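We did not get these values from a lab; they are worked out from the coordinates using the rules stated. Remember, predicted model here, so these are calculated numbers, not experimental data.
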Amino acid sequence: MDTNTLINLLKNHDWTYHYSDDHSKWLNGVQSEQAITDAMHHLGNTDDVKSLYYKYMPEALRSRITEANAIHGETL
């Protein structure tokens with residue numbers, strides 16, 4: 001597992017899969033998310049790895065997470 005594999009997983013991930021009414025799309029999203037989690041864990045889940053995750057996350061989702069974290073005094 002290398003960084004390029006993680007980047008490809010992130011680029012191809014359906015970040016809105018959990019909204020799908022189509023079970024197969026939802027299941028693909030769950031499996032994709034698990035592959036991303038596994039890749040991040042394999043790479044050590046370092047700050048650089050986490051930065052990649054947030055870099056490829058859609059801005060709207062990243063903004064919502066940033067807002068939610070701010071309530072608890074946390075940052076990305």
Q | For the chain, calculated [θ]222 nm from helices alone, where every DSSP H run of n ≥ 4 adds -39500 (n - 2.57) | A | -22000 deg cm²/dmol
Q: Name the shape class, rounded, prolate or oblate, that the alpha-carbon gyration tensor gives for the chain, where a ≥ b ≥ c are the square roots of its eigenvalues, rounded holds for a/c under 1.5, and otherwise prolate holds if a/b is larger than b/c and oblate otherwise.
A: oblate
